[in-house]
Amino acid sequence: MTENYSPSIIKDVSDIISDHIVRECPLDIRTNGSLIKLGHPMVTKSALSLKNFNQITLYEPEELVITLGPGVNLTELKSTLKDKNQELRFEPPDYGPLLGNLAGQGSIGGIIGCNLSGPKRFMAGAARDFILGVEGVSGYGHGFKAGGRVVKNVTGYDVSKLVTGAYGTLAGLTSFTLKLSPLAEAEISIIVHGLDNVEAIKLMSKIAICPFETSGLAYVPENISTKKSSLMVVRIEGVSASLKERTDAILKIIGSRSFEICQSEESKIIWKAICDVEPFNPPTNIPLWKISVPPSQAADVIAKHNPDFYYFDWAGGLIWMSSNDIPKLKSGAFWLIRGPNKGLPFTNQKDPVTKALMQRVKNSFDPKNILNPKRLGI
Amino acid sequence: MKMPEPEQAILDQLPELHRRLSNLLGEDGLVTTEHGRKVFESDGLTAYKQSPMIVALPSTTSQVSDVLKICDEMNIKVVPRGAGTSLSGGALPLADGLMLGLSRLNRILDIDYDNRCAVVECGVTNLGITNAVSEDGFYYAPDPSSQIACTIGGNVAENSGGVHCLKYGLTTNNILGVKLILMSGEILEIGGKYLQESDYDLLGLITGSEGLLGVVTEVTVRILPKPDTVHAMLIGFGDVESAGACVSETIASGIIPAGMEMMDNIAINAAEDYCHAGYPRDAAAILIAEFDGITSEVDYFIDRVSKIAKKLNATSIAISKSEEERNGFWAGRKAAFPAVGRISPDYYCMDGSIPRKKLPEILKRMKELSEQYGLKVANVFHAGDGNLHPLILYDANIPGELIKAEDFGADILKLCVQMGGALTGEHGVGVEKRDLMPEMFTKDDLNQQERLKCAFDPKHRLNPGKMFPELHRCAELGKVHVHGGKLLFPEIPRF
């Protein structure tokens, strides 16, 4: 019998999980399910949706802190924060259309559950860097909390980070507390035309190590660019008074290369496209890989695989690549974001010691393997 | 504060342990004499002392792994130690434990500007990393006040912060990978020179785990380009409420200083007596706010904060015009602890954390507690991120005064938790706050944390007696107790 639950109080989450422990019946833990295709397929007869935990229970703009349920819609959240000139600095992406869903449907639960971050990740940190505390129910059926609501807190293990990006395999999370950031007053982008992979990586590295705090460094090859040449894009944000000084400094590094400057609105459109992986819409049958590498190795990875379509984000630290090959990396990690997940791994293979430890960590939260079993391969 | 009773079965094994470790490390790699072991009897929390049973000083990751393997086989408890600067007793030895001194793993293995990182061994000091990359215009951002001595391994164990973590984050936000040795001796590579790992966030879990889960021997740290311009402001206020309000309004207006520190009148005067930093002695509180980045932005922020401070009736505002002057502003703050040490035979440094806006309230409550306990308190805060360091002044030579200071400290931390804060902002739980953990966490919360400990160290051999008020057997913690039989939940909406 298939059962789908969508409780709205923690006690019910706890009771449902406890009941499934007794029956040894696995549960598919999700918010609204828009990212459920990420991960190995699961064999579950029941699903537990946390979408009804959809309230902002605390928002103190002056403290730069928000506590909210996983079901809060991401678009609405961004708009609430924008009203107070604030943002989630890790720039949560919308993978909706990328995964064949509508845009704007995703919730904060999926972002935290999968630890997804956008182009600012290379300088600002990932979703996990902004999580201050969580509440949830483990595979013991027990409610628990970890962390808190203050920025400085080293009380106990940082369980909040561990459950962020665990794809619901450790606990059903019913509440998160996140650190917020002031919204930048102004932004512009500089686009450098016509670089190849190696040149682009070198230039991005040069800019990343200068002290002008760029908030985006990406490279889009000609065949998926909208401008008939490859584009290396630099985003510059800050108070209006600082934009000219920053821009002049970056232009000095760019030197005599061909460039154009995009003002705020155009810049926002470009970075939304990079953040939401728009170059890979609409879906095709070729597997799409997200690859985290040392930036200096990004061009080598592309040379090795020679994919038809790819681009770099995170100043060269992230590759989006569609390829029938499983990525071969000297160092780094990958995820299969889209494609036939039968026969292909969701992530890079772990060494036996790490795999065994991950299994023990999983058991420490979920000894009966009830929560999203096998989604991460364990 | 009670530590686990020494186990006779372990003490009896000392000769055999000594023999095996001597074969591995040589006598040069061991400290066995009473006199030698006494050197390790305490960390930065000097109120507690205990000589370890034996000290091992490995020089390589492989030796660390072998030492742990031997201890695991022989069921010997292990307390890891970096430079011993923990302020919470995290490196307090055990009478029946081996102290694993990691100071000899002190090599910088790789500096990689292309990937904006450096790979260093755990015994490299925090400042040593910055010194290694400074000439090329880089630095390592977290800067705990002990940075001249504390090691990066200890920083990972404690998730250390510092005055600049307001803008740049804590250790956990500034490292990319570690080499971790489990109690079994198994070696794990977690992360590397790339930003994101596809495993569980073991790096996040290890950071701040206080040496209870494994021993870190190598760390890949992010290094940042040094900012173009740095200026500091020194602002005096006639009352602490206005100083607190200035902090809140600055942050609320969208300005994140690199650091924002606050000192109260007792701390100001102690610092003035100690190093003549030029602080206004009559101010009820001062703020030191530092801004870094590009010149136009720094100037803009300083102008904005000056306006906020003036509106709040600041009694003095000074802006550094040179590096020398900026360092002068910081001199008194950086010397605050030794300065307070001069006006009292002993002091007890607390480390609670609260929502910023509660600063005036907790200051008022602390004043009341100070009168109640008859002990003075000097206040030094990382005000920008709500991290308090009240220094309780006492005299250990007066019978009962240490206990009184501890009780006063415990009351302050309980207040922090009641106000929505945390027991410890950056010093760690260690032995010091171990027994207060139930103030912040329920039994279920703590059981879940202890189960994690079991996943890494099922025999509780690694740094036992720290962090958790009670030790439970892993087998007991692992039992599933559920109330079965209730099915279907007709009242819960389906989707």
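Could you tell me whether any residue of region B:129-140 is within 14 Å of chain A (Cβ to nearest Cβ), touching a helix residue (DSSP H, G or I) at 6+ places or on another chain (Cβ under 8 Å) and closer than 21 Å to B:L212 by Cβ?
Taking every residue of region B:129-140 in turn, none turns out to be within 14 Å of chain A (Cβ to nearest Cβ), touching a helix residue (DSSP H, G or I) at 6+ places or on another chain (Cβ under 8 Å) and closer than 21 Å to B:L212 by Cβ.
Every residue in region A:351-378 that is in a loop (DSSP other than H, G, I, E, B), surrounded by fewer than 20 Cβ atoms within 10 Å (Cβ to Cβ) and at the interface with another protein chain (Cβ under 8 Å from one of its Cβ atoms), please.
A:D351, A:P367
Find the residue count for region B:148-162, including only residues that are more than 11 Å from the chain's Cα centre (by Cα) and crowded, with 21+ Cβ neighbours inside 10 Å. Can you show your working first?
Just the residues of region B:148-162 that are more than 11 Å from the chain's Cα centre (by Cα), to begin with: B:148-149, B:151-153.
Right, trim to crowded, with 21+ Cβ neighbours inside 10 Å and you get B:151-153.
Final tally of qualifying residues: 3.
How many residues does region B:224-244 hold that are crowded, with 23+ Cβ neighbours inside 10 Å and assigned to a loop (DSSP other than H, G, I, E, B)?
Here the count works out to 0.
Here are A:V353, A:V361: which of them is more than 24 Å from A:V293 (Cβ to Cβ), in the same structural domain as A:G113 (by TED's automatic domain parsing), out of contact with any Cys (no Cβ under 7 Å at 6 or more places or on another chain) and among the aliphatic types (A, V, I, L, M)? Let's see the steps before the verdict.
Details: A:V353 fails: more than 24 Å from A:V293 (Cβ to Cβ).
That would be A:V361, the only listed residue that is more than 24 Å from A:V293 (Cβ to Cβ), in the same structural domain as A:G113 (by TED's automatic domain parsing), out of contact with any Cys (no Cβ under 7 Å at 6 or more places or on another chain) and among the aliphatic types (A, V, I, L, M).
Scanning region A:1-35 for residues that are of a type in the set (A, V, I, L, M, F, W, C) and facing chain B (nearest Cβ under 7 Å), which turns out nearest to A:L48 (Cα to Cα)? Reasoning before the result, please.
Step one: list which residues in region A:1-35 are of a type in the set (A, V, I, L, M, F, W, C), which gives A:1, A:9-10, A:13, A:16-17, A:21-22, A:25, A:27, A:29, A:35.
Still in the list and also facing chain B (nearest Cβ under 7 Å): A:16, A:21-22.
Numbers: A:I16: 8, A:I21: 13, A:V22: 16 Å.
Per the stated criteria, the residue is A:I16.
Which residue out of A:V154, A:V150, A:V198, A:V137 is over 21 Å from the mean Cα position of the chain (by Cα) and not assigned by TED's automatic domain parsing to the domain that holds A:Y59?
On the way: A:V154 fails: not assigned by TED's automatic domain parsing to the domain that holds A:Y59; A:V150 fails: not assigned by TED's automatic domain parsing to the domain that holds A:Y59; A:V137 fails: not assigned by TED's automatic domain parsing to the domain that holds A:Y59.
Testing whether each residue is over 21 Å from the mean Cα position of the chain (by Cα) and not assigned by TED's automatic domain parsing to the domain that holds A:Y59 leaves just A:V198.
For A:V192, state whether it is more than 8 Å from chain B (Cβ to nearest Cβ), in contact with a Gly (Cβ under 7 Å, 6 or more places away or on another chain) and not in a helix (DSSP H, G or I).
Numbers: more than 8 Å from chain B (Cβ to nearest Cβ): yes; in contact with a Gly (Cβ under 7 Å, 6 or more places away or on another chain): no; not in a helix (DSSP H, G or I): yes.
Judged against the criteria, A:V192 is not a match.
For region A:261-302, how many residues meet the condition of being crowded, with 17+ Cβ neighbours inside 10 Å, of a type in the set (S, T, N, Q) and assigned by TED's automatic domain parsing to the domain that holds A:P327?
Qualifying residue count for the region: 3.
Taking region A:46-77, which residues are crowded, with 18+ Cβ neighbours inside 10 Å and part of a helix (DSSP H, G or I)?
A:P61, A:E63, A:L74, A:L77 - these are the residues of region A:46-77 that are crowded, with 18+ Cβ neighbours inside 10 Å and part of a helix (DSSP H, G or I).
Per-residue answers, yes or no, for (1) in contact with a strand residue (DSSP E or B) (Cβ under 6 Å, 6 or more places away or on another chain); (2) surrounded by fewer than 23 Cβ atoms within 10 Å (Cβ to Cβ); (3) outside the structural domain of A:L98 (by TED's automatic domain parsing):
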site: A:F309; (1), (2), (3): yes, yes, yes
site: A:W314; (1), (2), (3): no, no, yes
site: A:M321; (1), (2), (3): yes, no, yes
site: A:N324; (1), (2), (3): no, yes, yes
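From the list A:A298, A:A333, pick out the single residue that is over 28 Å from B:K453 (Cα atoms) and not aromatic (F, W, Y).
Details: A:A333 fails: over 28 Å from B:K453 (Cα atoms).
Just one listed residue meets the conditions, A:A298.
For region B:277-293, how many residues meet the condition of being crowded, with 20+ Cβ neighbours inside 10 Å and assigned to a loop (DSSP other than H, G, I, E, B)?
Residues flagged as crowded, with 20+ Cβ neighbours inside 10 Å and assigned to a loop (DSSP other than H, G, I, E, B) within region B:277-293 amount to 3.
Within region B:417-436, which residues are more than 7 Å from chain A (Cβ to nearest Cβ) and either among the hydroxyl-bearing types (S, T, Y) or under 20 Å from the mean Cα position of the chain (by Cα) (or both)? Before the answer, list the steps.
Applying the first criterion (more than 7 Å from chain A (Cβ to nearest Cβ)) to region B:417-436 yields B:417-419, B:427, B:430-436.
Listed by number, the residues that qualify are B:V417, B:H427, B:G430, B:V431, B:E432, B:K433, B:R434, B:D435, B:L436.
Out of all the residues in region A:222-250, which are surrounded by fewer than 21 Cβ atoms within 10 Å (Cβ to Cβ) and more than 14 Å from chain B (Cβ to nearest Cβ)?
Of everything in region A:222-250, those that are surrounded by fewer than 21 Cβ atoms within 10 Å (Cβ to Cβ) and more than 14 Å from chain B (Cβ to nearest Cβ) turn out to be A:E222, A:N223, A:I224, A:S225, A:T226, A:K227, A:K228, A:S229.
Is it the case, given these coordinates, that B:L391 is part of a helix (DSSP H, G or I), within 26 Å of B:G169 (Cα to Cα) and among the hydrophobic types (A, V, I, L, M, F, W, C)?
no
For A:T169, state whether it is within 9 Å of another protein chain (Cβ to nearest Cβ) and in contact with a Leu (Cβ under 7 Å, 6 or more places away or on another chain).
Yes; evaluated as a whole, the condition is true for this residue.
Filter region B:381-411 down to the residues that are within 14 Å of chain A (Cβ to nearest Cβ) and closer than 17 Å to B:A284 by Cβ, then identify the one that is farthest from the chain's Cα centre (by Cα).
B:A383
Can you run down the residue pairs with Cβ atoms below 9 Å, 6 or more apart or on separate chains, where the first is in region A:225-239 and under 27 Å from A:P182 (Cβ atoms) and the partner is among the aromatic types (F, W, Y) and modelled with pLDDT under 95?
Hits for this filter: A:I236/A:F212.
To keep it simple, each residue is scored yes or no on (1) under 20 Å from B:W330 (Cα atoms); (2) modelled with pLDDT under 95.
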position: B:A232; (1), (2): yes, no
position: B:G238; (1), (2): no, no
position: B:G244; (1), (2): yes, yes
position: B:E249; (1), (2): no, yes
position: B:M260; (1), (2): yes, no
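Restricting to region B:23-62, name every residue that is part of a helix (DSSP H, G or I) and under 13 Å from B:L98 (Cβ atoms). Quick ask: steps written out before the conclusion?
Narrowing region B:23-62 to residues part of a helix (DSSP H, G or I): B:23-25, B:27-29, B:34-38, B:61-62.
If the condition is that a residue be part of a helix (DSSP H, G or I) and under 13 Å from B:L98 (Cβ atoms), then B:L24, B:L25, B:G29, B:R37 are the ones that fit.
Restricting to region B:367-388, name every residue that is part of a strand (DSSP E or B) and of a type in the set (A, V, I, L, M).
The first filter runs over region B:367-388 and keeps only residues part of a strand (DSSP E or B), leaving B:377-382, B:387-388.
If the condition is that a residue be part of a strand (DSSP E or B) and of a type in the set (A, V, I, L, M), then B:V377, B:A378, B:V380, B:L388 are the ones that fit.
Is it the case, given these coordinates, that A:I326 is of a type in the set (A, V, I, L, M) and touching a residue at least 60 places away in the same chain (Cβ under 8 Å)? Steps first, answer last, please.
Details: of a type in the set (A, V, I, L, M): yes; touching a residue at least 60 places away in the same chain (Cβ under 8 Å): no.
The answer is no for A:I326.
Which of (1) within 12 Å of chain B (Cβ to nearest Cβ); (2) touching a residue at least 12 places away in the same chain (Cβ under 8 Å) does A:D94 not meet, given it meets every other one?
Of everything listed in (1) within 12 Å of chain B (Cβ to nearest Cβ); (2) touching a residue at least 12 places away in the same chain (Cβ under 8 Å), A:D94 misses just condition (1).
Tally the residues that are surrounded by fewer than 24 Cβ atoms within 10 Å (Cβ to Cβ) and at the interface with chain B (Cβ under 7 Å from one of its Cβ atoms), restricting the search to region A:107-125.
1
Specify the residue that is nearest to the other protein chains (Cβ to nearest Cβ); the eligible residues are those in region B:286-303 that are within 13 Å of B:T250 (Cβ to Cβ) and within 32 Å of the chain's Cα centre (by Cα).
Only one residue tops the list, namely B:F301.
Yes/no per residue for (1) within 26 Å of the chain's Cα centre (by Cα); (2) on the phi > 0 side of the Ramachandran plot; (3) without any contact (Cβ under 8 Å) to a residue 60 or more places away in the chain; (4) not assigned by TED's automatic domain parsing to the domain that holds A:L99:
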site: A:S8; (1), (2), (3), (4): yes, no, yes, no
site: A:D12; (1), (2), (3), (4): no, no, yes, no
site: A:I17; (1), (2), (3), (4): no, no, no, no
site: A:H20; (1), (2), (3), (4): no, no, no, no
site: A:E24; (1), (2), (3), (4): no, yes, no, no
site: A:L27; (1), (2), (3), (4): yes, no, no, no
site: A:N32; (1), (2), (3), (4): yes, no, no, no
site: A:L38; (1), (2), (3), (4): yes, no, no, no
site: A:K45; (1), (2), (3), (4): no, no, yes, no
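B:Y274 passes all but one of (1) surrounded by fewer than 22 Cβ atoms within 10 Å (Cβ to Cβ); (2) closer than 21 Å to B:I412 by Cβ; which number fails?
B:Y274 satisfies every listed condition except (2).
The values are calculated or read from the model by the stated rules, or taken from the named source; none is laboratory data. Keep in mind it's a predicted model, so treat the numbers as computed, not measured. Reconstructed Cβ throughout: ideal geometry from the backbone, glycine too, with neighbour counts over all protein chains shown.
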